[in-house]
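Novice: Mind having a look at this structure? Questions to follow.
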Amino acid sequence: MTKDQLKLRSMIVTALFAAIIGVMAQITIPLPLVPITGQTLAIGLAATILGARYGTLSVILYLVIGSAGVPVFAEFSGGISKLVGPTGGYLVGFIPAAFIIGWYMEKTSFSFKNAMIANTIGMLVTLAFGTAWLKIAAELTWAAAITGGATPFIIVGLIKAALASWIGIIVRKRLQSAKLLFPAKGKINESV
C-alpha cells in the first residue's frame, strides 16, 4: 500500500471519528450546569487511536460541523452559540486535550499505562478550559464554577479515561494490522 493510500485511509478514519464523537455526544446524563456526555470518551478514543494529528483533526472537524448548525453537540444541539455559551469551554478544550493525549502517546508508547496517563491529563485540560469558560460566561465565582463544572466530572472522567485507554489501544492495534492507520512514529512500543 502506498503512502498516499494510507494517508487517504487515515483521513477517512479521522472523518469517521468526528461522526463517532457526534453520536457519542448524544449519550447524556443531565446535571444542573453541565451534563455528563459520551463526548469526552469519544475524544479520548480518537486521540488514543489516531494520535495527535488525526485525533485533533477529528475533534476540529466535529466542532466545525457542530458550529455550522448540524445537531452533533450534546442533546442534539448545534450552532456557534454552543461554542460561545456557558459550556463552550469544554468544546474548545477538546482540541488541546486531543492533541496532548495523542502527542503524549506518540512520545512515549501506545500502552495502557501511557494511555491512562495521557487520557487523565486530557480530562484535566478539558475540565480546566470548561470551568474557566463557565465561570466567565455564567458569571460565577470560582468556587461555584469548580463545584458545578469540574468536581462532578472527576470520577466519571477517570472512568472514561480508563475506558478510552483500554478500548483505544485494542482498536489502534487492530486498525494498524488492517493497515488503516499510519504506523506509530518515534520510539513507540505498541504493546498493551
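The values are calculated or read from the model by the stated rules, or taken from the named source; none is laboratory data. Just so it is clear, the model here is predicted, and its values are computed rather than measured. FYI the Cβ positions are ideal-geometry reconstructions off the backbone, even for glycines, and counts take in every protein chain you see.
Novice: Give the residue, chosen from GLY66, GLY102, GLY22, GLY55, that is under 18 Å from GLY130 (Cβ atoms), in a helix (DSSP H, G or I) and modelled with pLDDT of 95 or more. Walk me through it before giving the result.
Specialist: Working: GLY102 fails: under 18 Å from GLY130 (Cβ atoms); GLY22 fails: under 18 Å from GLY130 (Cβ atoms); GLY55 fails: under 18 Å from GLY130 (Cβ atoms).
Result: GLY66 is the single residue among GLY66, GLY102, GLY22, GLY55 that is under 18 Å from GLY130 (Cβ atoms), in a helix (DSSP H, G or I) and modelled with pLDDT of 95 or more.
Novice: Could you tell me which residue of the range 105-142 is surrounded by the fewest Cβ atoms within 10 Å (Cβ to Cβ), considering only residues that are assigned to a loop (DSSP other than H, G, I, E, B) and touching a Lys or Arg at 6+ places or on another chain (Cβ under 9 Å)?
Specialist: Per the criteria, the residue is THR141.
Novice: If I filter the range 156-164 for residues that are part of a loop (DSSP other than H, G, I, E, B) and modelled with pLDDT under 95, do I get at least one hit? Steps first, answer last, please.
Specialist: Within the range 156-164, the first condition is being part of a loop (DSSP other than H, G, I, E, B), and the residues that meet it are none.
No.
Novice: Another question, if that's okay. Using beta carbons and a limit of 6 Å, which pairs, at least six apart or on different chains, have the first residue in the range 105-128 and within 17 Å of ILE159 (Cβ to Cβ) and the second one of a type in the set (S, T, N, Q) and assigned to a loop (DSSP other than H, G, I, E, B)?
Specialist: none
Novice: When only residues in the range 31-52 that are in contact with a Ser or Thr (Cβ under 6 Å, 6 or more places away or on another chain) and outside any helix (DSSP H, G or I) count, which is farthest from VAL171 (Cα to Cα)?
Specialist: Looking at the filtered set, the residue picked out is VAL34.
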